[in-house]
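Notes follow the structure.
No value in this document is a laboratory result; all are computed from the given coordinates. Bear in mind the structure is a predicted one, so any value in this text is a computation, not a measurement. Here Cβ is always computed from backbone atoms with ideal geometry, including for glycine, and neighbour counts include all displayed protein chains.
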Amino acid sequence: MRTNSFTQPESEDHGRLNTCPSAMSQVPKWFERKFDLSFPVELYPNLCIRLRGTPARLEELVGDRSREVLVQKPEGKWSAQEHAGHLFDLEPLWMARVEDFVLGHSELTVADLSNRKTHEANHNARPMGEILAGFRNARLRLVDYLHKQDPTSFEQSLLHPRLKQPMRLVDHVYFVAEHDDHHLAWIWELTSG
Ligand code: NI
């Protein structure tokens with residue numbers, strides 16, 4: 001039997017500012033989020049278009065910001081550019097998990113809970129345009145692949161490896177959309193000074 005909520009699986013801190021009260025972020029901690037997965041599978045087109053819109057929203061948020069603003073790391077936490085790079089870094093995982101459903105794997109691909117990829121990527125040293133273009137390209141591939149799937153495939157469930165709970169493909173799409181929003185909220189906060 002599937003339950004209708006679960007605590008998000010990644011334990012990442014996502015750069016929350018929690019040492020200086022004056023710099024305290026209003027963005028909720030990702031690892032404390034709970035997700036209500038009781039919504040009907042028929043919502044999948046609405047969730048897919050949320051994923052489709054993320055590159056445009058990201059580009060709009062950072063487009064006219066100076067490099068100085070984009071790479072600043074308050075309290076040593078992730079910069080806006082590093083949050084953007086992190087979205088790009090996770091695209092292969094999101095695609096792998098969609099493929100897990102499509103190819104009938106026994107459970108979902110395991111995430112790197114430490115975010116090593118983002119910590120080692122040195123995103124601040126890259127041109128922001130390169131990150132935006134890479135993310136847009138990867139995200140369009142993801143949504144094109146989702147778009148090709150039969151509507152019934154969004155109902156399929158797979159076991160989440162750490163939570164040992166079933167997750168539908170439509171739940172995975174929702175989860176990615178919420179993760180996008182989490183980091184966009186951070187970027188908005190970091191760039192709106
Ligand atoms: Ni994240």
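Based only on Cα atoms, what Rg/Rh ratio does the chain have, Rh being taken as Kirkwood's radius?
Result for the chain is an Rg/Rh of 0.96.
In debye, nearest 20, what is the charge dipole magnitude of the chain about its Cα centre with +1 on Lys and Arg Cβ and -1 on Asp and Glu Cβ, if you could check?
100
To the nearest Å, what is the center-to-center distance of the range 62-84 and the range 110-143, using C-alpha atoms only?
Each part's Cα centre sits 14 Å from the other's.
Against the longest principal axis of the chain, how steep is helix 128-147, in degrees 0 to 90 to the nearest 10, with axes from Cα atoms?
10
Under 16 Å from a label point 7 Å along Cα→Cβ of residue 152: give me every residue in the range 104-122 with its amide N that close.
What the label zone holds, given the 16 Å backbone N cut-off, is 104.
Treat each spin label as a single point 7 Å out from the Cα along the C-beta direction, and report the residue 60 to residue 72 distance in nm.
With each label point 7 Å from Cα toward Cβ, the separation is 2.4 nm.
Test of understanding: what is the full-extension gain from residue 130 to residue 41, defined as 0.36 nm times their sequence separation minus their Cα-Cα distance?
Fully extending the segment from residue 130 to residue 41 adds 28.5 nm.
For the chain, what is the calculated [θ] at 222 nm in deg cm²/dmol (nearest 500), taking -39500 (n - 2.57) for each run of four or more DSSP H residues and dividing by its residue count?
-16500 deg cm²/dmol
Among the aspartates and glutamates, which fall within straight-line cross-link reach of residue 117, defined as a Cα-Cα distance under 19 Å, with same-chain neighbours fewer than 8 residues apart omitted?
Within the straight-line limit of under 19 Å, residue 117 reaches these aspartates and glutamates: 10, 12, 13, 82, 89, 91, 130, 180.
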